[in-house]
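Reading through the structure tokens given below for one structure.
Coordinate-derived values only; no laboratory data. Source: prediction; values computed, not measured. Here Cβ is always computed from backbone atoms with ideal geometry, including for glycine, and neighbour counts include all displayed protein chains.
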Amino acid sequence: MAQKPSIPKGTRDFLPMEVSRRNYIFTTIKKAYEKYGFSPIETPSFELSTTLLGKYGEEGDRLIFRILNSGEKMKKADLDALNQDNLPRFANSLSEKALRYDLTVPFARFVVQHQNEIAFPFKRYQIQPVWRADRPQHGRYQEFFQCDADVVGSDSLVYEVDFVQLLDEVLNDLKIPGFTIKMNNRKILTGIAEVSGEADRLIDITVAIDKLDKIGEEGVINELREKGVSDNAIQKISPLFSFSGTNNEKLEMMRTFLAASEGGLQGLDELQFVLESTTELGLEKADLEFDITLARGLNYYTGAIFEVKAHGVKMGSIVGGGRYDDLTGLFGMKGMSGVGISFGADRIYDILTELDLFPAVIDKGLTLMFVNFGENEQKACMKMVREIRKEGIDCELYPSSAKMQKQMKYANDRNVQYVALVGEEELNRNVLKLKNMESGEQEELTLKELIQKIRR
């Protein structure tokens, strides 16, 4: 019995219309990136396991797709590790390579490896797929594209301001009706942990606070207690659970809260500069919000943190990013500050689909199809098709003289805009009959007139 065709969970096939829609998203993002001075790079789909492992925390490491060694390299398997029940060591001996988990760590490797070939500050963008062994669900896939832009080699806050404007421009160009750019700063989060007296529990505290909108105040408190955070610390932190007001009001409240934390106050200064500069320059559509609960990328973000959520859809963040002061230090290049963002193209696609926001022009099919009436007509039509293609118009000839009903069904299935009919009579008079498939209107034209009409 023949095998039923299938693909792995968390992956997708893309039909022509879907590819066209995805390319619309990529092109919109790419155009903005280049407008803001970013240059394209590409890195391999897989890296050495040593490049990726240990860079994303314990949970991230578990989600990395390993590539099994092949051929003679299989003999390198550490059987002693297996016998000693040391599964991590055994797994490492079986897999020297892994699919990239994101584009950020490979980019850090790229910068260090090519530091003598690029000019700093180096501004790059990269639109490529990544892979994560995550549980597939709505808006979450095991294979998906990231659309990253980063600047390395400068600690200037001007770049943070640029990124906020870029986010606003791209999402406005994609016609997303409403969205919020949320910002925080890692130094503020560190200050919160310091002021609470639990500086060594930064990750536990921030991860719990980050879930406030999902599990509520009581849920956060319970999680903090489970992580071993003292009741005294929880009491100090609790005012943040009802944190509200304008961005300026929040900044002032946090200055009081973090008065004893030098690093926390520095984070507030940095955030205030970005918020005030952006407000002065103006935004097209985005709401800009200081969100004290925002905590992401804590394994490498050291300053600003970005996240964007669209209004009116049940979807996670569609953009994330932040400042990292020493990501390249992972590969021996110290003191190289950087900041970057990443668009989640697949989530953006789902939002545009759900809200029916793709431009109609994207879904247009073939512009022109010639009906095939037989051998003589076919020869004449092939010459016409060639001339029309030279003019930059997409067109084709139906490959055989099948029944008219079959050919017209094909044209409908391909969403063809115009159908050209050239029979014996038309050939003798050197004209074509052009049918508008949407309106049903039909007119008689010369080849030159047809080209001019379609071009309009």
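Most simply put, region 364-455 has about 55% antiparallel DSSP beta bridges, counting only bridges with both residues inside it. Kirkwood analysis of region 152-207, using all unique Cα-Cα pairs, places the hydrodynamic radius at 13.9 Å.
Extent of region 364-455 along its three principal axes (Cα atoms, max minus min coordinate, largest first): 30, 29, 23 Å.
For trypsin sites (Lys or Arg not before Pro), the sites in region 182-235 that DSSP calls loop and that have at most 16 other Cβ atoms within 10 Å are Lys211, Lys227.
Here Lys35 is the anchor, and the lysines within straight C-alpha reach of less than 21 Å, apart from those fewer than 8 places off in the same chain, are Lys123, Lys175, Lys285.
A simple rule links phi to the HN-Hα coupling: the Karplus curve 6.51 cos²θ - 1.76 cosθ + 1.60 with θ = phi - 60°, which for region 143-153 gives 10, 7, 8, 10, 10, 9, 9, 9, 10, 10, x Hz, with x for Gly and Pro. The C-alpha atoms of the chain occupy a region whose extents along the principal axes are 94, 63, 48 Å, arranged from largest to smallest. 3J(HN,Hα) couplings calculated from phi for region 176-189 with the Karplus curve 6.51 cos²θ - 1.76 cosθ + 1.60 (θ = phi - 60°) are, in sequence order, 5, x, x, 7, 10, 8, 8, 10, 8, 9, 4, 5, 5, 5 Hz; Gly and Pro show x. Note on region 364-455: lysine pairs with Cα distance below 13 Å, sequence gap of 8 or more or different chains, count 4.
Determine the dipole magnitude for the chain: charges of +1 sit on the beta-carbon of Lys and Arg, -1 on that of Asp and Glu, nothing else is charged, the reference point is the Cα centre, and the result goes in debye to the nearest 20. Kindly include the intermediate steps, with their values, before the conclusion.
On the way: 59 positive and 70 negative charges, 365 e Å.
The calculated dipole for the chain is roughly 1760 debye.
If you keep only loop residues by DSSP, which GluC sites (Glu not before Pro) in region 230-313 have at most 15 other Cβ atoms within 10 Å of their Cβ?
Numbers: sites: Glu249, Glu252, Glu262, Glu270, Glu276, Glu280, Glu284, Glu289, Glu307; in loops: Glu284.
Sites meeting the loop and neighbour criteria: Glu284.
Computed over the alpha-carbon atoms, region 212-340 gives an Rg to Rh ratio of 0.98, Rh here being the Kirkwood radius from the mean inverse distance.
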